[in-house]
1. In this structure, does GLY243 turn out to be modelled with pLDDT under 95 and either out of contact with any Phe, Trp or Tyr (no Cβ under 8 Å at 6 or more places or on another chain) or hydroxyl-bearing (Ser, Thr, Tyr) (or both)?
2. Please verify whether ARG313 is over 21 Å from SER153 (Cβ atoms), modelled with pLDDT under 95 and in contact with a helix residue (DSSP H, G or I) (Cβ under 6 Å, 6 or more places away or on another chain), treating the condition exactly as stated.
3. Please verify whether LEU169 is hydrophobic (A, V, I, L, M, F, W, C) and surrounded by fewer than 20 Cβ atoms within 10 Å (Cβ to Cβ), treating the condition exactly as stated.
4. May I ask you to list the residues in the stretch 175-208 that are more than 20 Å from LEU257 (Cβ to Cβ) and out of contact with any Asp or Glu (no Cβ under 6 Å at 6 or more places or on another chain)?
5. Name every residue in the stretch 195-215 that is surrounded by fewer than 19 Cβ atoms within 10 Å (Cβ to Cβ), out of contact with any helix residue (DSSP H, G or I) (no Cβ under 7 Å at 6 or more places or on another chain) and not in a helix (DSSP H, G or I), in order of residue number.
6. Can you confirm whether ALA47 is under 19 Å from LEU133 (Cα atoms), in contact (Cβ under 8 Å) with a residue 60 or more places away in the chain, part of a helix (DSSP H, G or I) and in contact with a helix residue (DSSP H, G or I) (Cβ under 9 Å, 6 or more places away or on another chain)?
7. What pairs come out if I take residues in the stretch 301-314 that are touching a residue at least 40 places away in the same chain (Cβ under 8 Å) and pair them with residues that are among the aromatic types (Phe, Trp, Tyr) and surrounded by 12 or more Cβ atoms within 10 Å (Cβ to Cβ) whose C-beta lies under 7 Å away, six or more apart or interchain?
Amino acid sequence: MLKKFLALSRSTHGILDVAMPGFVALLWAGGFPTVSVLALSLVTAVAGYTAIYALNDLVGVSVDREKFAGAALPQGYSVEASALRYPLAQGVLSMRSGMVWFAVWYAITLVGAWLLNPPIVLIVIAAALLEVLYCKLLRVTWWRTVVGGLVKSAGPIAAIFVVVPAPSLPLLGLVLAWLICWEIGGQNIPADWNDLEEDRRVGAKTIPLVFGTQRAALVILAALIVTVSLSLFLPVLSPLALGFPFVAAVLVIGFWLLLKPAWDLWLAQVGTGALGAKEVGREAARLFDHASLYPLALLVLMTIVVVFHEFLRS
């Protein structure tokens, strides 16, 4: 039974996503928080991602049932591929159970947010409302992609308010732009690419359907170029002296996990006559998987940097 609930919340993907708030918090604070704050932050972040991913399936269950009626589920990606994907739509989990699962984790998130810094509660509420809006816009407009970027940015933005009660608005804007571009280019459009035929069946308005896969590949590449470019300015957020080695490492991570797979997808799409749609789709899935590892790679890098600076101080 637990596997069904974890599939509802896409737990593997959610755990990888938790790395992004961790990276942003370490970057902004320049050091580790106390053990109590770290533990509470971790519980709150895990609860938040668990709740919001579950909310996605709860709000979109009727459309998901239409998508997959009489058809096999799309293969998905290695970070979330499972025979139990969309458990509500498949009927292996009841709506009542799913709602209770969401409510419990969302309540934990709200309590944790209040204890960490009360204004974070507003971010948690906004994330849920934006997620509902994101689901409802599926058949309305491709601009839902931007809404998805805002939802994915909620966790890292909340993490900033944990370590800095009143952060600079321009610097928050920099982080927000960077996160939205990463989500759009590395996660959202590739995910829509995976559900291309199913989305077409229900009349969805996604970027690959509205503009075609060739333009979608170009948007992906452009968004991830902006992502990597903005990441070079991230050192201004930190009180630590992050020099060229850090910037070079961030650039290398961005190249291998974002730019290279995006470029490979673009080349594959341009040459669809040679590869075929399925092969191109695999390149989109490969990009999604690599982009999902981007937060973890950045968190590992920042942890090493902070440990090194703590060692120098001691």
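The values are calculated or read from the model by the stated rules, or taken from the named source; none is laboratory data. Source: prediction; values computed, not measured. When we count neighbours, we look across all protein chains shown, and the Cβ atoms used for this are built from the backbone with ideal geometry, even at glycine.
1. Values: modelled with pLDDT under 95: yes; either out of contact with any Phe, Trp or Tyr (no Cβ under 8 Å at 6 or more places or on another chain) or hydroxyl-bearing (Ser, Thr, Tyr) (or both): yes.
Judged against the criteria, GLY243 is a match.
2. Details: over 21 Å from SER153 (Cβ atoms): yes; modelled with pLDDT under 95: yes; in contact with a helix residue (DSSP H, G or I) (Cβ under 6 Å, 6 or more places away or on another chain): no.
So ARG313 does not fit the description; no.
3. So LEU169 fits the description; yes.
4. Pass one, the stretch 175-208, residues more than 20 Å from LEU257 (Cβ to Cβ): 176, 195-208.
Residues satisfying the conditions are LEU176, ASP195, LEU196, GLU197, GLU198, ASP199, ARG200, ARG201, GLY203, ALA204, LYS205, ILE207.
5. GLY203, LYS205, GLY212
6. Details: under 19 Å from LEU133 (Cα atoms): no; in contact (Cβ under 8 Å) with a residue 60 or more places away in the chain: yes; part of a helix (DSSP H, G or I): yes; in contact with a helix residue (DSSP H, G or I) (Cβ under 9 Å, 6 or more places away or on another chain): yes.
Taking the combined requirement at face value, the residue does not satisfy it.
7. If the second residue must be among the aromatic types (Phe, Trp, Tyr) and surrounded by 12 or more Cβ atoms within 10 Å (Cβ to Cβ), the pairs left are MET302/PHE23; VAL305/PHE246; VAL306/PHE32.
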